[in-house]
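Before any comments, here is the structure.
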Amino acid sequence: MGKLVIIGSGQAGYTLAREFRKRDTESRLLIITQDDGSSYSKPMLSNALSKDKTPETLIMASAEKMATDLDAEIWTNTLVTDIDSTEKIVTTDQQSSHYDQLVLANGAYSIRAPIKGNASDDILTVNNLADYRAFRSHLEKGKRVVIIGAGLIGCEFANDLSTISSDISIIDLASQPLGRLLTPHAAETLKQKLSDLGASWYLDNAVSEVNKGGNGLAVTLKDGTNLQADIVLSAIGLRADLQLAEKLKLETDRGIKVDRFLRSNNEHIYALGDCAQVEDLNLPFVMPLMNCARALAATLAGEETAVSYPAMPVVVKTPCYPIVVCPPPRPVEGNWEEEVTDSGVRSMFKDASGQPIGFVLTGDLTKERLAMSKLIPDWLE
Amino acid sequence: MKKWVCIVCGFVYDQAQGLPEEGIAPGTSWDDISDDWLCPDCGVGKSDFEMEEI
């Protein structure tokens, strides 16, 4: 095949490289990454404290080790500045390389809400290991933490931080944690369980200002409430990084638009992971990218393979109240039916014809996730 | 009994429990699980699991 160049060394880039090498040991492989190229598990960032992991012990392999294992060249701390898709050349702030096939696996970035105040730059986000290092360097036992966003990451961090802090405030525009992912009883129970660990809730609310105060950071909410904090963490979601794609005039929507072969509208450029939208689905989770990486590795090694998606439930890492959510992947008419039992909540979303297309399981009922998933039609057949 | 932990998502395979939903009987040793088996929560392969003695 010649030379494969992958931009990005996150779960998507490294998984693709590993799967590709299982099929092709001959072609040259170059991975270009903005960060230090350490291989680590991103999902673990939001439960590292509970698992007794530090930013250093989260690292599974250094860039050097990955380069050896993958028989690849890895350019670390390197920023891609330009791609010439006619001549097939990637240019970086340090050097340039020819490619035969190019894969964009450069992920997503944390969305930042417009917040006023002289300390708005002190608001932290955690979307990679370097962010997490900075976050942990601010963290000590007993610190007061404000979390903006009661979504998956916000709730996971709240649970994890409760191991070292009993002063955690969670702010969200929605009226319940995990918004539309949860049915009412499940959401109320999660709220209660996190409250038991020391979380205070400010729902139907928002942060308007963060200022430096005499006693740490002064956080002002939309309804006028004032909170004192040592750390403000924003976790309101991710947006695909489309900068390179737009420069290349690739078609984009919520992600780089690719077909079932992960191919963009340029036949030699592919995308997967958080930056990609496969047909109409941009799913920033591990399982979809694993499916994509396996299919794309086969295609790049010469065996055209379309990706398929089964229903892919997401395990919410809130050990205080185990939850598995499987929301319908596309907007559709239908109804949630919530069943509350002594072992947890079992909710099912059925479309107009009565076909189950989504579910929520909590508590001990999370054990049913495999059986429930089998009832749900594939997301991409 | 041995447990195997997924290093990507934290899923635990407990040999004592097996994974009856996937047709893996309680007591099935890790070595007897097919090499193409995938983590039910995140989809990584067996090589991304580490043994944890509990």
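The values are calculated or read from the model by the stated rules, or taken from the named source; none is laboratory data. These figures come from a predicted structure and were not determined experimentally. Cβ atoms come from the backbone with ideal geometry, glycine included; neighbour counts cover every protein chain shown. We work out accessible area using only protein heavy atoms, side chains counted, and drop any ligands, DNA or RNA first. Shrake-Rupley method; radii C 1.70, N 1.55, O 1.52, S 1.80 Å.
At-a-glance table
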read-out	value
Residue in segment A:257-270 that is modelled with pLDDT of 95 or more, part of a loop (DSSP other than H, G, I, E, B), among the small types (Gly, Ala, Ser) and open to solvent by 10 Å² or more (accessible area, probe 1.4 Å) present	yes
Scan of segment B:3-54 for residues that are in a loop (DSSP other than H, G, I, E, B), more than 9 Å from every other protein chain (Cβ to nearest Cβ) and among the charged types (D, E, K, R), ordered by number	B:ASP35, B:ASP36
The one condition in (1) buried (at least 20 other Cβ atoms within 10 Å of the Cβ); (2) in a strand (DSSP E or B) that A:ALA245 fails to fulfil	(2)
Segment A:16-35 - residue that is out of contact with any strand residue (DSSP E or B) (no Cβ under 9 Å at 6 or more places or on another chain) and more than 13 Å from chain B (Cβ to nearest Cβ) and, of those, least open to solvent (accessible area, probe 1.4 Å)	A:ASP35
Given (1) more than 30 Å from A:SER62 (Cα to Cα); (2) open to solvent by less than 10 Å² (accessible area, probe 1.4 Å), number of the condition A:PHE157 does not satisfy	(1)
Cβ pairs under 8 Å, 6+ apart, first in segment A:297-326 and among the polar types (S, T, N, Q), second assigned to a loop (DSSP other than H, G, I, E, B)	A:THR299/A:PHE261; A:THR299/A:LEU262; A:THR299/A:THR305; A:THR305/A:PHE261; A:SER308/A:ARG260; A:SER308/A:ASP378; A:SER308/A:GLU381
Every residue from segment A:37-71 that is touching a residue at least 24 places away in the same chain (Cβ under 8 Å), at the interface with chain B (Cβ under 10 Å from one of its Cβ atoms) and open to solvent by 20 Å² or more (accessible area, probe 1.4 Å)	A:TYR40, A:LYS42, A:PRO43, A:SER50
Filter result for A:ASN282 (within 14 Å of chain B (Cβ to nearest Cβ), open to solvent by 10 Å² or more (accessible area, probe 1.4 Å) and within 20 Å of the chain's Cα centre (by Cα))	no
Looking only at segment A:174-197, and only at residues there that are loosely packed, with under 15 Cβ neighbours inside 10 Å and either in contact (Cβ under 8 Å) with a residue 24 or more places away in the chain or not polar (S, T, N, Q) (or both), the one that is farthest from A:PRO328 (Cα to Cα)	A:ASP196
